[in-house]
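The values are calculated or read from the model by the stated rules, or taken from the named source; none is laboratory data. Just so it is clear, the model here is predicted, and its values are computed rather than measured. Methodologically, a virtual Cβ is constructed for each residue, glycine included, from the backbone with ideal geometry; neighbour enumeration extends over all protein chains shown. Surface areas here come from the heavy atoms of the whole protein model, side chains and all, with no ligands, DNA or RNA. Shrake-Rupley method; radii C 1.70, N 1.55, O 1.52, S 1.80 Å.
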Amino acid sequence: CWRWLKSPSWRRVLAAGLVLGLTELTKTSWVVLFALWPLLWLMWRWPNRRELSRGTWLRESRQLAVILLLGLYIINLGYGFEGSFQRLGDYGFVSETLGGPSDNSASWLGARNRFQDAWLAKIPVPLPKNYVMGIDLQRWDFERKMWSYLRGEWRMGGWWYYYLYALAIKVPLGTWILVLLAIGVGLFGREYAASWRDELVLLAPIAVILTLVSSQTGFNHHIRYVLPIFPFAFIWMSKVARAFEFGHRKLGAVVILVLAWSVGSSLWVYPHSLSYFNELVGGPKNGHAHLGGVAVDSNIDWGQDLLYLKRWLEDHPEAKPLHLAFNSSYDAGIAGIEYTLPPIEPQPGWHALSVNKIRSRSREYEYLETTPGSVLAR
């Protein structure tokens, strides 16, 4: 899109449309690009609006329309055109956003449609049915609300600043310093600054995605909702690498050091990368006090360490009988681990628990942290 904005051509139209469609297939939240790209085009061209002919506006409007239509085509192609162009009135939605107010008698499988009696009901939806139903189901998840956990507090629903806080403690501090350096050189180093339009193309998607996910406070469980911002952030902050081009050795040395810190901090906890937290909260050992505590929490513990536990048990045959409670929906027996659930009262023995079980809302295993004489290894 950025290349097309700088130099419109039909070759770049095809490339932008293809990339748009593939992007939509990777993450549903990128549906915002169908509104963001036209807006970026208007903002890009607006300063020169008096210099552009009517023919230029019409030509670029047609090209932008082709980009968007090609993106829609790629989405439908990715789904095999299954249910594409189904009439809006023929859908059965579960969310109040699309299905209308619930009287609690309709099945959650989808029995409502707020457009049923409107003129919009006859319009064919140019998207695969499952794509539309996926958006509807996600809206239903947020509307019905779930318990969320942040810094030791449980809440029905979430916090508008949850993802900002999660980014602050999950992103390596070296990367955050690169962000601050990029801001600094952009403000005080004129040779580092790009045009405001170039900056806008990178910063607008970051702002839109952060605003979108932060506005959904029905629950807060997964930092993965903001992962799409990272490529744009990395490209934007890479301006600091021009220190080598300009011969700014001191700044270049700082860039190398903080980049090494960022990479080293991440590699230090490999292969337990899901549980990574930066030094601001004391690293992975203390991360569970800030995020986690939910049965489906992908910020720290999703039962991914089961095979590591299996290896540890093979090296420690004396650890029997084993009391195990781990965070997943499958039975640990598939890994060949013999176990029973931990007792509800303190008892001597070997206990292996996921941190989300320790931090669960019921706090049924809290005694493992507070019982005098117990040894807790994380």
message = Averaged across orientations, what area in nm² does the convex hull of the alpha carbons in the range 1-121 project?
response = 9.9 nm²
query = How many percent of all Cα-Cα pairs in the chain sit more than 33 Å apart?
reply = 49 percent
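Set the Förster distance to 51 Å, then compute FRET efficiency between residue 119 and residue 56 from the Cβ-Cβ distance, nearest 0.05.
Values: r = 35 Å, r/R0 = 0.70.
In this case the efficiency is close to 0.90.
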remark   = Long-range amide H partners of residue 123, meaning residues 5 or more apart or on another chain whose placed amide H is closer than 5 Å, are 88, 89
message = If the reach is capped at under 17 angstrom between alpha carbons, list the lysines near residue 320, excluding any in the same chain fewer than eight residues apart.
response = 310
task = Name the long-range amide H neighbours of residue 352: under 5 Å, sequence gap of 5 or more, or other chain; modelled H, no Pro or chain starts.
result = 323, 324, 325
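Do you know the relative contact order of the chain, to the nearest whole percent, from alpha carbon pairs under 8 angstrom that are 6+ apart? Could you put the intermediate results ahead of the total?
Numbers: 476 pairs, mean separation 46.5, N = 378.
Computed over the chain, the figure is 12 percent.
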remark   = If each part is reduced to its alpha-carbon centroid, the range 310-350 and the range 20-99 end up apart, in Å, by 51 Å
message = Could you report the chain's accessible area per residue, 1.4 Å probe, as an integer in Å²?
response = 57 Å²
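A 26 angstrom limit on the alpha carbon distance is what I want to check against. Which of 145/357; 27/129; 129/170 exceed it? Mind showing how you got there, number by number?
Working: 145/357 21 Å; 27/129 16 Å; 129/170 35 Å.
Pairs exceeding 26 Å: 129/170.
Which percent of the accessible area of the chain is formed by carbon and sulfur heavy atoms (probe 1.4 angstrom)? Provide the component values of the computation, followed by the final result.
On the way: 13340 of 21360 Å².
Percent of accessible area from carbon and sulfur atoms in the chain: 62.
Counting Lys +1, Arg +1, Asp -1, Glu -1, what net charge surrounds residue 265 among other residues with beta carbon under 12 Å of its beta carbon? Can you show the working numbers first?
On the way: positive: 170; negative: 279.
Combined, the nearby Lys, Arg, Asp and Glu give 0.
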message = Sort 138-144, 81-87 by the packing proxy (mean of other Cβ within 10 Å over each peptide's residues), most packed first.
response = 138-144, 81-87
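Hey, what's the Kirkwood Rh for the range 26-96 if you take every pair of different alpha carbons, in angstrom?
Numbers: mean 1/r = 0.0671 Å⁻¹.
Result for the range 26-96, one decimal place: 14.9 Å.
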